[in-house]
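Here the structure is laid out as structure tokens; the discussion comes afterwards.
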Amino acid sequence: MSDYDYDHETVRGFVLSSVFWGVVGIVIGLWISVQMWSAGWNIAPYFTFGRLRVVHTNGLAFGLGVGAIFGISYYILMRLTKRPLLFPVLARVQLYVFNIAIALAALSLFLGMNQSLEYAELEWPLDIGVVILWVMFAVNVFGTIIKRKEEQMYISLWYVIATVVAVAVLYIVNNLSIPAGWDKSYHLFAGVNSANVEWWYGHNAVGFVFTTPILAMFYYFLPKSTGLPIYSHRLSIIAFWSLIFAYLWTGAHHLVYTPLPDWIQTLAIVFTIFLIAPSWGSVINGYYTVGNDWSKMQTNYLTKFFIWGITFYGLQTVQGPTQGLRVVSQLIHYTDWVPGHVHMGTMGWVTMTVTASMYYIIPKISKTDLYSVKIANTHFWLVLIGQLMFSITMWITGIQQGALWKAVSSDGSLKYTFYETLIRNYPYWQMRTIAGVIFTIGMLFFIYNILMTIRKGKALTASQG
Amino acid sequence: MAGDIYRKPILFAIASTGMILVGTIVTMVYPMLTPDMHPKMEALKPFTALQLAGRDIYQREGCNNCHTQTVRPLKTEVMRYGEYSKAGEFAYDRPFLWGSKRTGPDLARIGGKYPDVWHYRHFENPQAMFEKSNMPQYAFLKEVKLDLTKVESHMKANDFPFTTSEIATLKDRTEMDALVAYMQVIGTSVRKKEVRAVAEASTRSREKNPFAGDKKAIELGRKLYADNCQMCHGENGKGDMGPSLADDVFFGVKGDLADDDYYEVINNGIEPGMVEEGRIAKSSMPSFKGTLSREQIWSIVAYIRSLQGK
């Protein structure tokens, strides 16, 4: 079968939708970053921090993240099974449903429909929409894999399969609730139990939305763009199984020092530390793959994105387990350190890997070269600087907050009121906004580059017409 | 043989599911089947219709994005917020609202800390009370009446006890009323302050203010008063949300209190129903134990005395 019979329209549709929702999410991110140091930027009732923050997180996790996962997974799937999607029409319908669902999700969050479960804020009617989308995805993934033309399933397919099953289990269980009208529901689980279920979900949403599908991209596009084979197949086997096994034990590290039974917290901390091993299995595999020819870092612009991406994944998976430790948690939990940590993962690892994968895909399906490698390099340096400035600023803020909350005078009384500890964050929060602007400019360079590449491809097809 | 799994997608999916279910069952499903995960404090009551409506608004406005509701068992945290959180306090919380970020302070012990009027003013315009506060203004809640059909269906969904006449009394209540009612019930199933019998006057030996009349202490007290007390008791103690401190009416009863009663009120705070020297408190005042040292509290007492011309 010829390369050009693959359904690339749907892949491109998902890529562009993902980028669109990404811009929405990032702009709202900038907006709420300003609200952090200037309350006047709140416009009640629809655009206060409390409502916008969830549009930011959901827009980026579900809009940018899941949109990219759908599109890029389909691309990888077709290549690795050596056949088109089994149900191309279904995939096209999925694209439309996806965009409608994200638009309605954003609207519902502006209106204050919010389950108050982190990363599962959407109310039950939208949850049903998400489940339908996921079933559509699963049907195409499994259908296409079962009817594949290549017997062996490559590493990326393992990660896609794990993503499909894990997200299904996590999302359905945590969203079980008692409806009270079409716009409101109450969690089926109460109190400490509700907390335990939510963070079992919340942590693994990070695991199976921001880790496994992104690793699927990494394992596929790194060898593709460098022309170098993955260093160790055995290492990738060990890393895969131990990663998906260990991840599910660790949710309670989000609940250290809460009233949740201590043994669940401790068990979570132990497995969190263990998780460094499989995470670094992939990091090492990436490094050694390029280790055969480090000159690729200079000669191939995509290699930079993937290697720096996996580096941030590596840093992230060492910093995360450290935070789980009680001695560290008691200082940095509830402070800005944690958003600093999250943003290294999302702005470093996830967006670098996702945008690089798009840089690979879009020229291929537009049957042309990238519009400008120079712009891609500018994009790279801007998002790198923006992200580092963002994360490091937030870590410093977090340590300061934690320390001020704990500070006592010589007579044993607390040294600072909460208000005093709050206003000392403002200079850092202003710096964070600047970092966000730098990152956003980088992302705009990326989008321009992608759009111009598509345009170039269209012009070329027309002229050959 | 083992390598076969990479050629059998269904088997592979089943194996992956098995892998993710082990940790899920041990840390999430199993605990749910034990009583440890379903504790309830003796004093904990289901939310009333007004309180639940307030909690719904708390969720709608995403308050949990900036405020936690769990005090960790850490020394300085207990000093700042009060008794650490107990598992049994949350039996009626669907979902839990512990949060994950403290952009604003923890609210696990906010119930009864301030009088209602404090919350009304603060929600309406936080910056009027804390100039550089980054909290959004929620004045619009005053304008919105509760939707009673929703209130009723929400009570039903939670299986909380209510009567239709109880719901009917909420006809003219606003969303702001509901939110304040919710604020005042958070964390109150754990007793915070000692309640003494009404008739009981202090029997301990009277303690004198070591800084009485001390100019330096009065000056320090003035500064501390401006930072900690003025917001409620007004400039020069003339009264505002809180009662005047310059007159001789305390707890609604004429007649001064002794220095160490002043000290005790500042140190421990008060809440409705609490008794001080046979006088019953009708409102709330936060405790400054932990935030103010002994010397600082005595300095404030010295300053208040200077306002009274004593």
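The values are calculated or read from the model by the stated rules, or taken from the named source; none is laboratory data. Worth saying up front: this structure is predicted, and the values here are computed from it rather than measured. Here the Cβ is made from the backbone with ideal geometry for all residues, glycine too, and neighbour counts use every protein chain on show.
Got a sec? Which of A:86, A:107, A:60 is over 17 Å from the mean Cα position of the chain (by Cα) and assigned to a helix (DSSP H, G or I)?
Step by step, each of A:86, A:107, A:60 is checked, and only A:107 is over 17 Å from the mean Cα position of the chain (by Cα) and assigned to a helix (DSSP H, G or I).
For the condition facing chain B (nearest Cβ under 7 Å) and surrounded by fewer than 24 Cβ atoms within 10 Å (Cβ to Cβ), what is the one hit in A:146, A:128, A:100?
The unique qualifying residue is A:146.
Among the residues of region B:272-304 satisfying the criterion of being surrounded by fewer than 20 Cβ atoms within 10 Å (Cβ to Cβ) and farther than 22 Å from residue B:82 by Cα, which is nearest to the other protein chains (Cβ to nearest Cβ)?
For region B:272-304, the residue satisfying everything is B:277.
Go through the residues of region B:235-244 one by one and say whether even a single one is surrounded by 15 or more Cβ atoms within 10 Å (Cβ to Cβ), modelled with pLDDT of 95 or more and assigned to a helix (DSSP H, G or I).
The answer is no, given that none of the residues of region B:235-244 is surrounded by 15 or more Cβ atoms within 10 Å (Cβ to Cβ), modelled with pLDDT of 95 or more and assigned to a helix (DSSP H, G or I).
Pull up region A:418-440, narrow it to residues that are under 20 Å from residue B:66 (Cα atoms) and of a type in the set (Ser, Thr, Tyr), then point me to the one that is surrounded by the most Cβ atoms within 10 Å (Cβ to Cβ).
This residue is A:421.
Could you check, for region A:294-303, whether at least one of its residues is within 14 Å of chain B (Cβ to nearest Cβ), out of contact with any Pro (no Cβ under 6 Å at 6 or more places or on another chain), β-branched (Val, Ile, Thr) and surrounded by fewer than 21 Cβ atoms within 10 Å (Cβ to Cβ)?
Within region A:294-303, not a single residue is within 14 Å of chain B (Cβ to nearest Cβ), out of contact with any Pro (no Cβ under 6 Å at 6 or more places or on another chain), β-branched (Val, Ile, Thr) and surrounded by fewer than 21 Cβ atoms within 10 Å (Cβ to Cβ).
For the structure I just gave you, tell me whether residue A:281 is under 16 Å from residue B:23 (Cα atoms) and out of contact with any Lys or Arg (no Cβ under 7 Å at 6 or more places or on another chain).
No: the conditions fail for residue A:281.
If we keep just the residues of region B:20-53 that are of a type in the set (Ser, Thr, Tyr) and facing another protein chain (nearest Cβ under 8 Å), which is nearest to the chain's Cα centre (by Cα)?
B:27
Determine which member of the set B:116, B:106 is within 16 Å of residue B:183 (Cβ to Cβ) and touching a Phe, Trp or Tyr at 6+ places or on another chain (Cβ under 6 Å).
B:106
Quick one: residue A:214 ticks every box in (1) aliphatic (A, V, I, L, M); (2) over 20 Å from residue A:73 (Cα atoms); (3) part of a helix (DSSP H, G or I); (4) more than 11 Å from chain B (Cβ to nearest Cβ) except a single one, so which number is it?
(2)
Condition test on residue B:100, is it of a type in the set (Ser, Thr, Tyr) and touching a residue at least 12 places away in the same chain (Cβ under 8 Å)?
It is true that residue B:100 is of a type in the set (Ser, Thr, Tyr) and touching a residue at least 12 places away in the same chain (Cβ under 8 Å).
Any idea which residue in region A:237-247 is farthest from the other protein chains (Cβ to nearest Cβ), counting only those that are over 13 Å from residue A:276 (Cβ atoms) and surrounded by fewer than 23 Cβ atoms within 10 Å (Cβ to Cβ)?
A:238
Report, by residue number, each residue of region B:126-151 that is surrounded by fewer than 21 Cβ atoms within 10 Å (Cβ to Cβ) and closer than 18 Å to residue B:67 by Cβ.
Listed by number, the residues that qualify are B:126, B:127, B:129, B:130, B:132, B:133, B:137.
Failed condition for residue A:394, given (1) of a type outside the set (Gly, Ala, Ser); (2) part of a helix (DSSP H, G or I); (3) more than 14 Å from chain B (Cβ to nearest Cβ); (4) surrounded by 20 or more Cβ atoms within 10 Å (Cβ to Cβ), with all others met?
Among (1) of a type outside the set (Gly, Ala, Ser); (2) part of a helix (DSSP H, G or I); (3) more than 14 Å from chain B (Cβ to nearest Cβ); (4) surrounded by 20 or more Cβ atoms within 10 Å (Cβ to Cβ), the lone unmet condition for residue A:394 is (3).
Suppose we filter A:191, A:207, A:227 for residues that are within 13 Å of chain B (Cβ to nearest Cβ) and at positive phi; which single one remains?
Only one candidate passes the filter, namely A:191.
Evaluate the following for residue A:250: is it at the interface with chain B (Cβ under 9 Å from one of its Cβ atoms) and closer than 22 Å to residue B:18 by Cβ?
Yes, satisfied.
Which of the helices (runs of 4 or more DSSP H) contained wholly in region A:224-309 include at least 3 residues that are over 28 Å from residue A:446 (Cα atoms)?
The helices (runs of 4 or more DSSP H) meeting that bar are A:233-247, A:262-274, A:276-291.
Considering only region B:133-164, how many residues are more than 8 Å from chain A (Cβ to nearest Cβ) and in a helix (DSSP H, G or I)?
Residues meeting the conditions: 9.
Can you tell me which residue in region A:16-44 is nearest to the other protein chains (Cβ to nearest Cβ), limited to those that are more than 23 Å from the chain's Cα centre (by Cα) and in a helix (DSSP H, G or I)?
A:39
Quick grid of which residues meet (1) over 30 Å from residue B:122 (Cα atoms); (2) crowded, with 21+ Cβ neighbours inside 10 Å:
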| position | (1), (2) |
| --- | --- |
| A:19 | yes, yes |
| A:36 | no, yes |
| A:45 | no, no |
| A:56 | no, yes |
| A:81 | yes, yes |
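For region B:81-125, give me each residue that is in contact with a Pro (Cβ under 8 Å, 6 or more places away or on another chain) and buried (at least 21 other Cβ atoms within 10 Å of the Cβ).
B:81, B:85, B:89, B:90, B:112, B:113, B:114
Any idea which of A:354, A:383, A:327, A:350 is surrounded by fewer than 19 Cβ atoms within 10 Å (Cβ to Cβ), in a helix (DSSP H, G or I) and of a type outside the set (Lys, Arg)?
Going through A:354, A:383, A:327, A:350 in turn, just one is surrounded by fewer than 19 Cβ atoms within 10 Å (Cβ to Cβ), in a helix (DSSP H, G or I) and of a type outside the set (Lys, Arg): A:327.
Checking residue B:167 against (1) facing chain A (nearest Cβ under 10 Å); (2) farther than 28 Å from residue B:74 by Cβ; (3) surrounded by 16 or more Cβ atoms within 10 Å (Cβ to Cβ); (4) of a type in the set (Val, Ile, Thr), which single condition isn't satisfied?
Looking at each condition in turn, residue B:167 falls short on (1).
Condition test on residue B:69, is it more than 9 Å from chain A (Cβ to nearest Cβ), farther than 26 Å from residue A:415 by Cα and touching a residue at least 40 places away in the same chain (Cβ under 8 Å)?
Spelling it out, it is not the case that residue B:69 is more than 9 Å from chain A (Cβ to nearest Cβ), farther than 26 Å from residue A:415 by Cα and touching a residue at least 40 places away in the same chain (Cβ under 8 Å).
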